[in-house]
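The values are calculated or read from the model by the stated rules, or taken from the named source; none is laboratory data. On a predicted model such as this, the values are computed, not experimentally measured, just so you know. Cβ sites come from the backbone with ideal geometry, for glycine too, and all protein chains shown count toward neighbours. Quick note on the areas: whole protein, heavy atoms, side chains included, nothing else; ligands and nucleic acids left out. Shrake-Rupley method; radii C 1.70, N 1.55, O 1.52, S 1.80 Å.
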Amino acid sequence: DITLTCVSNEVGGPYVGNARWIGVRLADLLGEAGVEPPSKGGPADQLVARSVDGMAIGSPVETVMDGRDAMLALGMNGEPLPFDHGFPVRMVVPGLYGYVSACKWLQDLELTTFADYDAYWVKRSWSRRAPIKTESRIDTPRPFASPEPGVVPVAGVAWAQHRGIARVEVRVDGGDWHTARLAAQDTKDTWRQWVWEWRATTGSHTLEVRATDLDGYTQTEKRVGTVPDGATGWHSVVVDVT
Ligand SMILES: Nc1nc2c(c(=O)[nH]1)N[C@H]1C(S)=C(S)[C@@H](COP(=O)(O)O)O[C@H]1N2
Ligand SMILES: [Mo]
């Protein structure tokens with residue numbers, strides 16, 4: 001079970017999703033081909049995946065061989081890979097944004113270095129390396145919803161792939177942070193659902209969320225855009241309780 005995230009996902013955006021993958025471990029395949037990661041003296045630090053549609057996506061060899069479930073995926077959610085998601089075979093690397101890890105309609109793999117080769121999006125001003133940032137999102141209530149006063153569940157998802165989510169907090173109108181209840185962690189590579197029961201009072205209110213990962217890092221309030229390596233900031237939702 002791995003949550004994929006697009007580097008173009010804005011704070012609060014929809015370009016993040018969870019699926020169950022099946023495939024071949026990339027580390028095993030590379031090992032059979034005699035590849036060693038840089039930490040063991042291997043000369044190649046970049047794995048470039050190319051596809052039938054002319055995409056080129058570069059991932060760190062160290063990351064794909066560090067024991068995580070980096071794979072060539074053949075199936076998704078118990079079925080053959082759907083065409084839109086890369087049939088017949090794609091890469092999946094937990095913890096890296098899609099543009100540096102998730103090549104679909106895979107045709108070939110090349111071992112090279114970051115110094116020698118820039119992949120498709122890197123040539124277009126995105127970073128060479130892009131681990132997924134710790135983020136959280138409010139899914140309910142929706143922006144500008146009008147819930148009735150009383151208990152209103154505030155809920156959503158939080159993700160910090162390959163680190164895992166330790167805590168999610170919610171606050172109302174800039175007040176104290178309240179710790180949300182977390183669903184059981186599936187794996188540290190998947191997002192975690194959370195809920196906090198708010199005693200809503202009449203009027204217009206701003207809800208904000210922030211997550212802390214299992215490395216102890218709390219997501220920053222500082223808003224940055226998606227270029228060059230992923231957006232940051234707290235997601236907020238304004239509601240009118242009537
Ligand atoms: N061949 C190919 N692979 C690709 C892309 C692409 O344009 N072509 N887009 C990448 C990006 S930016 C992301 S975020 C993921 C999205 O995977 P999904 O369509 O399964 O959600 O695919 C990646 N793999
Ligand atoms: Mo993406």
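With ALA158, ALA200, ALA180 as the choices, which residue is under 30 Å from VAL64 (Cβ atoms) and buried (at least 16 other Cβ atoms within 10 Å of the Cβ)?
Numbers: ALA200 fails: under 30 Å from VAL64 (Cβ atoms); ALA180 fails: under 30 Å from VAL64 (Cβ atoms).
One residue alone meets the criteria, ALA158.
Could you list, in sequence order, the residues of segment 68-83 that are open to solvent by 70 Å² or more (accessible area, probe 1.4 Å) and under 19 Å from the mean Cα position of the chain (by Cα)? Steps first, answer last, please.
If we filter segment 68-83 for residues that are open to solvent by 70 Å² or more (accessible area, probe 1.4 Å), which is where we start, we get 74, 77-80, 83.
Across segment 68-83, the qualifying residue is only ASN77.
In segment 82-106, what count of residues is obtained for those that are near ligand 1 (Cβ under 9 Å from one of its atoms) and either within 14 Å of CYS6 (Cα to Cα) or not basic (Lys, Arg) (or both)?
To start, the set of residues in segment 82-106 that are near ligand 1 (Cβ under 9 Å from one of its atoms) comprises 82, 84-86, 90-92, 97-106.
Keeping just the survivors that are either within 14 Å of CYS6 (Cα to Cα) or not basic (Lys, Arg) (or both) gives 82, 84-86, 91-92, 97-106.
Here the count works out to 16.
Conditions (1) more than 14 Å from ligand 2 (Cβ to nearest atom); (2) open to solvent by 10 Å² or more (accessible area, probe 1.4 Å); (3) in a loop (DSSP other than H, G, I, E, B); (4) at pLDDT 95 or above, marked per residue:
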| residue | (1), (2), (3), (4) |
| --- | --- |
| THR3 | no, no, no, yes |
| SER8 | no, yes, yes, yes |
| VAL11 | yes, yes, yes, yes |
| LEU47 | yes, no, no, yes |
| GLU62 | yes, yes, no, yes |
| ASP66 | yes, yes, yes, yes |
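Here are some conditions: (1) surrounded by fewer than 17 Cβ atoms within 10 Å (Cβ to Cβ); (2) in a strand (DSSP E or B); (3) not basic (Lys, Arg). GLU208 meets all but one. Which one does it not meet?
(1)
Yes/no matrix, rows are residues, columns are (1) in contact with a helix residue (DSSP H, G or I) (Cβ under 7 Å, 6 or more places away or on another chain); (2) more than 24 Å from HIS85 (Cα to Cα):
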{"site": "ALA102", "(1), (2)": "no, no"}
{"site": "THR112", "(1), (2)": "no, yes"}
{"site": "TYR120", "(1), (2)": "no, no"}
{"site": "SER127", "(1), (2)": "no, no"}
{"site": "ALA130", "(1), (2)": "yes, no"}
{"site": "THR140", "(1), (2)": "no, yes"}
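Assuming MET91 fulfils every condition listed in (1) more than 16 Å from ligand 2 (Cβ to nearest atom); (2) open to solvent by less than 30 Å² (accessible area, probe 1.4 Å); (3) touching a residue at least 60 places away in the same chain (Cβ under 8 Å) apart from one, which condition is it?
MET91 satisfies all of (1) more than 16 Å from ligand 2 (Cβ to nearest atom); (2) open to solvent by less than 30 Å² (accessible area, probe 1.4 Å); (3) touching a residue at least 60 places away in the same chain (Cβ under 8 Å) except (1).
Mind listing just one residue for me: the one in segment 13-22 that is open to solvent by 40 Å² or more (accessible area, probe 1.4 Å) and in contact (Cβ under 8 Å) with a residue 24 or more places away in the chain and, of those, farthest from the chain's Cα centre (by Cα)? Explain how you work it out, then say what you get.
Keep residues of segment 13-22 that are open to solvent by 40 Å² or more (accessible area, probe 1.4 Å), which gives 14-15, 18, 20, 22.
Retained after the next criterion (residues that are in contact (Cβ under 8 Å) with a residue 24 or more places away in the chain): 18, 20, 22.
Values: ASN18: 9, ARG20: 14, ILE22: 18 Å.
Top of the filtered list is ILE22.
When the residues of segment 92-126 are filtered to those that are out of contact with any His (no Cβ under 6 Å at 6 or more places or on another chain) and of a type in the set (Gly, Ala, Ser), which remaining residue is farthest from TYR15 (Cα to Cα)?
Here is the first cut: in segment 92-126, the ones out of contact with any His (no Cβ under 6 Å at 6 or more places or on another chain) are 92-93, 96-126.
Remaining after also requiring of a type in the set (Gly, Ala, Ser): 98, 101-102, 115, 119, 125.
Numbers: GLY98: 10, SER101: 15, ALA102: 14, ALA115: 30, ALA119: 21, SER125: 20 Å.
Result: ALA115.
Criterion first (part of a loop (DSSP other than H, G, I, E, B), of a type in the set (S, T, N, Q), on the phi < 0 side of the Ramachandran plot and modelled with pLDDT of 95 or more) does SER127 satisfy it?
Numbers: part of a loop (DSSP other than H, G, I, E, B): yes; of a type in the set (S, T, N, Q): yes; on the phi < 0 side of the Ramachandran plot: yes; modelled with pLDDT of 95 or more: yes.
Answer is yes for this residue.
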